[in-house]
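The values are calculated or read from the model by the stated rules, or taken from the named source; none is laboratory data. Keep in mind the model is a prediction, meaning the values are calculated, not measured. In this analysis, Cβ positions are derived from the backbone assuming ideal geometry, glycine residues included, and neighbour counts consider all displayed protein chains. Calculation scope for accessible area: heavy atoms of the full protein, side chains included, ligands and nucleic acids excluded. Shrake-Rupley method; radii C 1.70, N 1.55, O 1.52, S 1.80 Å.
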Amino acid sequence: GTTITVTATGKFATWPVQVDCYPAHVQWKPLSENGKFEVTIPPDAPSRIYLVRFYTPEGSSVVKRFLVDDVPCQMETEPNNLIKSGNPIETVPRQIFGVLQKGGDVDVYRVSLKAGSTLVATLD
């Protein structure tokens, strides 16, 4: 049960766009700035991957995935290209959101674990 601002990367030639979301629990509202949306996730929205497509009379985007769950999120903070400037991850579990800006960009994160712990990381 929250409302967040989501930025779709790239530029839309026509703005605002319409949004289809399946299933329809999550509501997408284009904001005045190109590529920005207010996304409302109701408290009863199931944790799952939602399928989202942006469209105008000229055409539509490919389907994008939007994850809804109760795992805390963290956005990357630049610069984080070197081990010494890696973003700390204070607690786990955690979802990390980062963007590779250009060729050669890397995102580095640091996490401390207790001896004998196992860290499972996936990249999407």
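Over the chain, with every protein chain in place, what whole percent of the accessible area is carbon and sulfur at 1.4 Å, could you tell me?
Its accessible area is 56 percent carbon and sulfur atoms.
Taking the Cα centre of the chain as origin, sum charge times position over the Cβ atoms of Lys and Arg (+1) and Asp and Glu (-1), and report the length of that vector in debye to the nearest 20.
On the way: 12 positive and 13 negative charges, 38 e Å.
Around 180 debye, computed over the chain.
Using Cα pairs under 8 angstrom and six or more residues apart, how large is the relative contact order of the stretch 1-113, in percent?
20
Give the percent of DSSP beta bridges with both residues in the chain that are antiparallel, rounded to the nearest 5.
80
Report the one residue of 79, 2, 40 whose Cα lies farthest in the direction of the positive end of the charge dipole of the chain (charges on C-beta: Lys and Arg +1, Asp and Glu -1; origin at the Cα centre).
After comparing all options, I get 79.
Taking the Cα centre of the stretch 41-81 as origin, sum charge times position over the Cβ atoms of Lys and Arg (+1) and Asp and Glu (-1), and report the length of that vector in debye to the nearest 20.
Its charge dipole is roughly 240 debye.
Run the dipole for the stretch 1-57 about the Cα centre, Lys and Arg Cβ at +1, Asp and Glu Cβ at -1, nothing else charged, and hand back the magnitude in debye, nearest 20.
Magnitude of the dipole: close to 140 debye.
Could you do me a favour and compute the accessible area per residue for the chain, 1.4 Å probe, result in Å²?
73
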